[in-house]
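Step one of this worksheet: look at the structure below.
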Amino acid sequence: WTKLQSQADVIGQSFNSIWVPQSGFCNTFGDGKSMGYNPVWWFKQNSSFGTQDELKHMIATFNAKNVAVIEDAKDKFPVSGNYDTGDHFGYRDLDHKGENVQKNVKTYLQFLKEEMGYKGFRYDMVKGYGAEFIKIYNEDAKPEFSVGEYWDTDYNNVVGWIKGTGYTSAAFDFPLKYIINNSFGNGNWGALTNKGVAGDPNMSRYAVTFIDNHDTYRNENGEKLQNNILAANAFILAMPGTPCIFLPHWKAYQTELQKMIAARNEAGITNQSRIVSGKYYDGGYVTIVQGEKSKIMVISGYPQGVNTEGYTLVSVGTAENPNYAFYKETNPAKDVTVYVEANEQPLYLYAWQDDNSPLTDAYPGSLL
């Protein structure tokens with residue numbers, strides 16, 4: 001926790017939130033040391049990563065910089081006689097149907113928010129219990145952000161889980177993750193035509209896009225994708241959805257990621273931005289997304305004949321990480337407000353802009 005706290009100034013320049021491991025006490029080998037996935041005492045926040053006081057100071061430091069800290073919430077509790085509401089997993093299951101279990105979970109989430117200072121939750125292995133319980137817990141705790149690990153490549157299953165939470169939680173975009181594995185790992189650029197949950201304008205606000213996490217990093221990707229990590233991150237940083245950058249990627253490619261994050265923010269790309277163009281080329285794919293202020297264009301692979309007129313290069317591939325170029329719109333169109341004087345015959349139209357770029361000095365503007 002103290003090491004993470006020391007990086008708050010740098011992290012705070014680029015990120016709105018950070019996701020940290022489960023911080024409750026674990027009883028592994030009697031010393032309480034583990035990566036946090038087998039908690040024993042929820043309300044004892046001494047862990048492998050530091051003491052409870054160190055954790056509180058770290059969270060307070062990030063909160064002061066308007067960076068939310070997202071807790072990794074893991075289930076572990078004695079079972080009862082009720083039928084399981086989800087898939088089986090290696091640890092003991094909470095019986096979320098039980099009134100006492102629900103009371104304890106609610107109390108714990110409130111503790112994490114009010115006592116520790118966490119702003120939101122990342123729910124681990126949410127296939128293990130019904131989505132309706134996430135709705136119960138989120139409606140009670142009211143986190144600023146919630147995301148579930150519903151590990152499934154099927155779009156309908158992931159979206160079904162989001163809907164099952166009553167839209168109280170986002171989900172990691174595993175469908176897009178495996179599309180990215182295919183395209184950036186195997187050079188199958190046409191696969192990017194399907195853009196997962198983030199590519200659905202009705203659901204993109206609930207999609208947390210990512211390239212790697214602590215599980216996929218060691219098990220899933222293989223050497224091909226690892227050699228195109230920066231290119232893959234460039235793609236999600238141009239996309240709608242909420243991009244989540246894996247810490248080892250940040251440490252390896254901080255300079256280029258900072259450039260692209262800054263350009264995304266400058267353009268006003270959000271989790272609900274509109275994909276205005278997605279086109280497969282021989283050897284690559286080009287995606288253009290409209291932000292609140294301007295467009296971002298990302299080139300994936302080595303497509304031929306791409307017109308980049310009107311765009312300024314932000315970041316481009318290196319010998320180690322080729323396969324991408326990230327652009328921002330050079331001169332985005334200005335919004336123009338039109339005023340109609342309806343009681344005149346014939347009708348007249350007037351237009352003016354904001355004070356930073358006025359067409360005229362005063363209302364109602366210039367006659368069109």
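You will find that of Ala267, Ala198, the residue that is touching a Pro at 6+ places or on another chain (Cβ under 9 Å) and either closer than 16 Å to Ser300 by Cβ or polar (S, T, N, Q) (or both) is Ala198 and no other.
Given Asn213, Asn138, Asn157, which one is touching a Ser or Thr at 6+ places or on another chain (Cβ under 6 Å) and under 28 Å from Val69 (Cα atoms)? Exactly one of Asn213, Asn138, Asn157 is touching a Ser or Thr at 6+ places or on another chain (Cβ under 6 Å) and under 28 Å from Val69 (Cα atoms), namely Asn138. Flag not set for Ala207, criterion: among the small types (Gly, Ala, Ser) and surrounded by fewer than 24 Cβ atoms within 10 Å (Cβ to Cβ). crowded, with 18+ Cβ neighbours inside 10 Å and at pLDDT 90 or above: which single residue out of Phe49, Phe111, Phe77 fits that description? Of Phe49, Phe111, Phe77, the one residue that is crowded, with 18+ Cβ neighbours inside 10 Å and at pLDDT 90 or above is Phe49.
Please tell me if Phe235 is among the aromatic types (Phe, Trp, Tyr) and touching a strand residue (DSSP E or B) at 6+ places or on another chain (Cβ under 6 Å). When the stated conditions are applied, Phe235 passes them. Tell me, please, whether a residue that is within 17 Å of Gly241 (Cα to Cα), within 17 Å of the chain's Cα centre (by Cα) and hydroxyl-bearing (Ser, Thr, Tyr) can be found in segment 170-181. Checked segment 170-181: at least one residue is within 17 Å of Gly241 (Cα to Cα), within 17 Å of the chain's Cα centre (by Cα) and hydroxyl-bearing (Ser, Thr, Tyr). Looking across segment 316-334, the residues that are over 15 Å from Ser300 (Cα atoms) and either at pLDDT below 65 or open to solvent by less than 50 Å² (accessible area, probe 1.4 Å) (or both) come down to Glu329, Pro332.
Do we have Asn182 as without any contact (Cβ under 8 Å) to a residue 12 or more places away in the chain and over 26 Å from Thr270 (Cβ atoms) here?
When the stated conditions are applied, Asn182 passes them.
Scanning segment 13-41 for residues that are outside any strand (DSSP E or B), open to solvent by 30 Å² or more (accessible area, probe 1.4 Å) and modelled with pLDDT of 95 or more turns up Gln13, Phe15, Asn16. The set of residues in segment 252-281 that are modelled with pLDDT of 95 or more, open to solvent by 50 Å² or more (accessible area, probe 1.4 Å) and part of a helix (DSSP H, G or I) comprises Gln254, Thr255, Gln258, Lys259, Ala262, Asn265, Glu266. Applying a threshold of 7 Å to beta carbon distances and a minimum spacing of six or more residues, or different chains, the list of pairs starting in segment 251-263 at a residue that is touching a residue at least 12 places away in the same chain (Cβ under 8 Å) and ending at one that is open to solvent by less than 60 Å² (accessible area, probe 1.4 Å) and in a helix (DSSP H, G or I) reads Tyr253/Leu230; Glu256/Leu230; Leu257/Asn233; Leu257/Trp250; Met260/Ala234; Met260/Leu237; Ile261/Leu237.
May I ask you to list the residues in segment 183-204 that are open to solvent by 30 Å² or more (accessible area, probe 1.4 Å), farther than 12 Å from Tyr285 by Cβ and either among the basic types (Lys, Arg) or not in a loop (DSSP other than H, G, I, E, B) (or both)? Matches in segment 183-204: Asn186 only. For segment 275-285, does any single residue satisfy the condition of being under 20 Å from Phe184 (Cβ atoms), touching a residue at least 40 places away in the same chain (Cβ under 8 Å) and under 16 Å from the mean Cα position of the chain (by Cα)? No - not one qualifying residue is present in segment 275-285. If you go through segment 288-338 and keep only what is within 30 Å of Asn227 (Cβ to Cβ), touching a Pro at 6+ places or on another chain (Cβ under 9 Å) and not in a strand (DSSP E or B), you end up with Gly291, Tyr302.
Of note, Thr61 does not satisfy the criterion of being surrounded by fewer than 19 Cβ atoms within 10 Å (Cβ to Cβ) and either modelled with pLDDT of 90 or more or of a type in the set (Val, Ile, Thr) (or both). Of all the listed residues (Tyr155, Tyr137, Tyr129), the sole one being crowded, with 18+ Cβ neighbours inside 10 Å, at pLDDT below 95 and over 15 Å from the mean Cα position of the chain (by Cα) is Tyr129.
Selection of segment 140-152 for residues being surrounded by fewer than 21 Cβ atoms within 10 Å (Cβ to Cβ) and outside any helix (DSSP H, G or I) yields Lys142, Glu144, Phe145, Glu149, Trp151, Asp152.
Residues in segment 37-56 that are aromatic (Phe, Trp, Tyr) and more than 15 Å from Asp75 (Cβ to Cβ): 2 in all.
The values are calculated or read from the model by the stated rules, or taken from the named source; none is laboratory data. Because the structure is predicted, anything quoted here is derived from the model rather than measured. Note that we place each Cβ from the backbone using ideal geometry, even for glycine, and neighbour counts take in every protein chain shown. For accessibility, only protein heavy atoms count, side chains too; no ligands or nucleic acids. Shrake-Rupley method; radii C 1.70, N 1.55, O 1.52, S 1.80 Å.
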